[in-house]
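*Asks:* I am attaching a structure below and will ask some questions about it afterwards.
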Amino acid sequence: MRILFLNGPNLNLLGQREPEVYGSTTLEDIESRVRSRAQAKGAEVDFRQSNSEAELVGWIQQAKGNCDVIVLNAAAYTHTSIALRDAISGIGVPTIEIHLSNIHAREEFRRHSMIAPVCCGIIVGFGADSYTLAVDAAINVKASISAKTGAFSPATKGSILK
Ligand code: DHK
């Protein structure tokens, strides 16, 4: 079981960036917590960050055949990127959208996600815990898919954990 964690723009600044919104934990600390949680559950983790939309699209495309689930904090690209959405729906690897902050309790422009409709689930508002919760969610998603058809359709509507 291999989980690919992708982090978008400005998440490299966690710890110093608006701590009242994003908390004081650095991305390195979050990665370390994710690795501990995944190791305890017998999962492997690939953890990356980029400020470039193109690089994130490339990593999503490469995920096909190389990982079981993607966990994506697309940061600001969440609200704008048709390219990320198309990459997710194009590869058929189940993807979980996550955010540190509760985007629905913030500015209006953050309340809309371009990528949510092609993700199998969303975890928002738990700070650094959103990431460790996503490890558990990813493992459950993989188990649920394996128990069913063995395949994931990006066109699946609603929950796949029925
Ligand atoms: C992180 C960002 O950088 C923002 O652009 C998003 C997200 C929210 C987060 O809460 O993790 O709007």
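*Asks:* Of everything in the stretch 68-84 that's away from the ligand (no atom under 15 Å from the Cβ) and crowded, with 23+ Cβ neighbours inside 10 Å, which residue is nearest to residue 9 (Cα to Cα)?
*Replies:* Across the stretch 68-84, the extreme among qualifying residues is 70.
*Asks:* So, residue 99, is that one touching a residue at least 12 places away in the same chain (Cβ under 8 Å), near the ligand (Cβ under 10 Å from one of its atoms) and either open to solvent by less than 20 Å² (accessible area, probe 1.4 Å) or not charged (D, E, K, R) (or both) or not?
*Replies:* yes
Okay, residues lined up against (1) away from the ligand (no atom under 12 Å from the Cβ); (2) among the charged types (D, E, K, R); (3) surrounded by fewer than 23 Cβ atoms within 10 Å (Cβ to Cβ):
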residue	(1), (2), (3)
62	yes, no, yes
65	yes, no, yes
91	yes, no, yes
108	no, yes, yes
113	no, no, yes
116	yes, no, yes
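*Asks:* Going residue by residue through the stretch 16-24, is there one that turns out to be among the basic types (Lys, Arg) and either touching a strand residue (DSSP E or B) at 6+ places or on another chain (Cβ under 7 Å) or open to solvent by less than 30 Å² (accessible area, probe 1.4 Å) (or both)?
*Replies:* no
*Asks:* Could you check the stretch 1-15 and list, in sequence order, the residues that are open to solvent by 50 Å² or more (accessible area, probe 1.4 Å) and either among the hydroxyl-bearing types (Ser, Thr, Tyr) or farther than 30 Å from residue 145 by Cα (or both)?
*Replies:* Those that are open to solvent by 50 Å² or more (accessible area, probe 1.4 Å) and either among the hydroxyl-bearing types (Ser, Thr, Tyr) or farther than 30 Å from residue 145 by Cα (or both): 10, 12, 13.
The values are calculated or read from the model by the stated rules, or taken from the named source; none is laboratory data. Every value quoted in this text rests on a predicted model; they were computed, and no experiment measured them. Neighbour counts run over all protein chains shown; Cβ positions are idealised from the backbone, glycine included. To get the accessible areas, we keep the full protein, side chains included, count just its heavy atoms, and leave off ligands, DNA and RNA. Shrake-Rupley method; radii C 1.70, N 1.55, O 1.52, S 1.80 Å.
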